[in-house]
Amino acid sequence: MTKIAKKLTDLIGNTPLLELSHFNSQHQLESRLIAKLEYFNPGGSVKDRIGYSMIVDAEKKGILKPGGCIVEATSGNTGIGLALTAAVKDYKCIFVCTEKVSSEKINYLKALGSEVIVVPNTYEPDHPDYYVNVAKRISKETGAFFAYQYSNPSNPEMHYKTTGPEIWDQTEGKITHFISSIGTGGTISGVGKFLKEKNPNIKVIGADPLGSIFKHYKETGEIIRGTPYLVEGIGQDCLPENVHFQYIDKIININDKESFAAARRLTKEEGIFCGGSTGTIVHVALETAKDLSENDVIVFIVCDTGERYLSKGHNIEWLKDNRMLDTEIKTLRDISYAKKKKGNEEIVYVHDTILVRDAIKIMNEMGFSYIPVLNELLRPVGSLRESRLISRILDDKNVMDKKIKDVMEESFLVIDAKASINEVRRALKDAHAVLVSDFGRITDIITRYDLIDFE
């Protein structure tokens, strides 16, 4: 009877490892590719660990008391992890999610008795209606405990105390590479710290969606503006305190199409039913494994179960609608992905309130002949062409001290990222450039040269 758990939270952790024998032979890998199956946690994801640890830590500190309420900004899985522990301990929960979160996760949270507030995915991190800021505001107004997984130290600490030691013991210390996604930073930072203390030669690799800011920051120390992507629960457009880059050796960007394709392959070829975030990790793991020897052991995280994405990443119609299948027509998003792969990660624009002389300086420094003009809400309101602007200045030097909004031309055409290349080609016959709209946000500018370069 001693093996019978007394409460659900007793079942968190100690998840199994599974060697991908089929993948290894199919891809003729010399190294060993091993999955850490975190969907064996009772709530079906790696986030069960931190849901429990953040609540227990808050109780110890006296922040969370019997009958209390928990507030969190979540893409779903952390909310589920918190809600499961909250159910065991009799706490209420309020979660703030974006429209990007799958209906399966939203319904799961509601089934657990949680209140779920869904906000648009279009807001920047400094906007008051950004989902994290909404959660902060609710916590302040209600006096509820704000778990805040992005900076809560019990997040990486839990992985340092449990996930890392489990992997080390399960591989008998033979692990050479650890691969995880980066969202809050908790998993990769906590596990990475533990493994490197055991063996500094272990390589810790972050798998990150194209559009997230982590890779650029790791390599340059610069914070850029993130752009939207379809994969849920990983990547960021701001820097969480729990991302400890000193434990991460390398970060690799993967686009949405590659992520969903890898997730479907892992499901069909190994029977591991997983989501898009795991697909991102799997793609990186496969690419890493190809260059390694028989002495190398790669362990990667399977974040959650594919049952949470039956309406999205595992839904053929959704994949078709979002042009995520290899058989589909190439899209404007594909061109933008190709640009970002070459290092052109951030759209350059000017605000309509700056002076002409400042805009010219930016255009000269960047080597641009034309540039979009956006307002304070980052909506397109106009454009600038160097040739026409210079002509006006030659006629009247006072133009240099005018605001952009007084001299700008009409805005470039805005085209949805899902538009086919044929649509883009037709638009660029009559225009020098078009703006890319993804999830309602302007994410890129595509020129005739970009189209030619892609094709």
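Of note:
Conditions (1) out of contact with any Leu (no Cβ under 9 Å at 6 or more places or on another chain); (2) buried (at least 17 other Cβ atoms within 10 Å of the Cβ); (3) among the aromatic types (Phe, Trp, Tyr), marked per residue:
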site	(1), (2), (3)
Leu266	no, yes, no
Phe273	no, yes, yes
Gly276	no, yes, no
Val284	yes, yes, no
Val302	no, yes, no
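- Yes/no for Asp438 being more than 25 Å from the chain's Cα centre (by Cα), of a type in the set (Asp, Glu) and either under 30 Å from Val231 (Cβ atoms) or not assigned by TED's automatic domain parsing to the domain that holds Pro228 (or both): no
- When the strands (runs of 3 or more DSSP E) confined to the stretch 1-119 are screened for residues that are farther than 23 Å from Tyr150 by Cβ, those reaching at least 3 such residues are found at 17-19, 32-37.
- Inter-residue pairs, beta-carbon under 6 Å, first without any contact (Cβ under 8 Å) to a residue 60 or more places away in the chain and in the stretch 411-426, second assigned to a helix (DSSP H, G or I) and small (Gly, Ala, Ser), 6+ apart: Leu413/Ala427
- Residue check, Ser181 in contact with an Asp or Glu (Cβ under 8 Å, 6 or more places away or on another chain), small (Gly, Ala, Ser) and within 24 Å of Glu99 (Cα to Cα): yes
- In summary, helices (runs of 4 or more DSSP H) completely within the stretch 141-256 and bearing 2 or more residues that are touching a Phe, Trp or Tyr at 6+ places or on another chain (Cβ under 6 Å), at pLDDT 95 or above and crowded, with 20+ Cβ neighbours inside 10 Å occur at 186-198.
- Residue satisfying all of: in the stretch 57-92; touching a Ser or Thr at 6+ places or on another chain (Cβ under 7 Å) and more than 24 Å from Gln236 (Cα to Cα); surrounded by the fewest Cβ atoms within 10 Å (Cβ to Cβ) among these: Val88
- Residues being free of Cβ contacts under 8 Å to residues at least 60 places away in the same chain and either among the small types (Gly, Ala, Ser) or closer than 18 Å to Glu287 by Cβ (or both) - total across the stretch 207-218: 4
The values are calculated or read from the model by the stated rules, or taken from the named source; none is laboratory data. Please read these numbers as outputs of a predicted model, since none were measured by experiment. Virtual Cβ from ideal backbone geometry, glycine too; neighbours counted across all protein chains shown.
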